[in-house]
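The next block holds one structure in the form of structure tokens; read it before the comments.
No lab work stands behind these numbers, since they all come straight from the coordinates. Just so we're clear, the structure is a prediction, and the values are computed from it rather than from any experiment. Here Cβ is always computed from backbone atoms with ideal geometry, including for glycine, and neighbour counts include all displayed protein chains.
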Amino acid sequence: MLSTALYVSETENNTPNYAVGINDALQVYRLGTTHSIISALASITNGGDIDILTEDLNYFKAVAGNHSYDAIAKLEYNQSNVSPYQDGVWISWGQDGVGISSAQVDFTLNCSGLSSTLFAEYSANITSAISVNGNYASVNGSLKATNVTFNLLNEGKPALARNFTLYYEQDGSLSTEDWITAQSPSIVDYGNGTYLISFTAETLHPSDPLMVSLHCQDSRSIFIRANVTCVQD
């Protein structure tokens, strides 16, 4: 964030026409606020406090404002509280095969200088989402040959995972959760945000349903999780 803020100064300082420079600065502010949200959401979804979003935005606001060149820059923001967001954050890690980690913030930027002024309003939304589905076939007793497919999206576009781990519930019931890590899975990466994971699960009883839980970090280190009950073939 500090390096981004300093770039505001360099961009304006090296541009002879202030009107052009201030538009360049707008792009830098947009980039900086977006990176601040990504950093905060990664921290929150990996166990951090939700207040880190406010702290990161305040930090960027202060540093960027102090390093603007030949202008007075005022950046204000509002963390969305429009449902399903609360304080700018929406995390939904459900049992229906869909997991969402998202943050949304609205910004107002007001820059005034000797030869030009700029007023801009924009919104930034960062959303990492996964959808998971699975099926299995009974092999022998309580053994189940399982295929799980998941799709990862960043802002609605296919994205790549940094890492992921698949678990299954030992007795198919969440009343007493006992999640087992899928051992020696075979993984196919289709290169478009879609992954196929094949493994053998062993539940306590042959009749137990097979519930799986996918834990994923996208390439931005934002964590997402989703559970789903696999369909028997």
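Annotations for the structure displayed:
- In plain terms, the chain from Val98 to Asn46 could stretch by 16.9 nm, reckoned as 0.36 nm per residue minus the Cα-Cα distance.
- When each of the peptides 78-84, 148-154 is scored by the mean number of other C-beta atoms lying within 10 Å of its residues, the order from highest to lowest reads 148-154, 78-84.
- With the simple model of a label 7 Å out from the Cα in the direction of the Cβ, Ser173 to Ile72 spans 6.8 nm.
- Proximal lysines relative to Lys74, as straight alpha-carbon distance under 27 Å, when same-chain residues fewer than 8 apart are discounted: Lys61
- Shape of the range 130-232, Cα gyration tensor, a/c cut at 1.5: prolate
- Sorting the segments 99-110, 194-205 by their residues' average number of neighbouring beta-carbon atoms within 10 angstrom, most packed first, yields 99-110, 194-205.
- Calculated FRET value between Asp189 and Val231, using beta carbons and R₀ = 30 Å, to 0.05: 0.85
- Label point 7 Å beyond Cα of Ile180 along Cβ direction - residues of the range 216-233 with amide nitrogen under 16 Å: 230
- Label-to-label distance for Val82 and Leu143 is 5.4 nm, based on points extended 7 Å past Cα in the beta-carbon direction.
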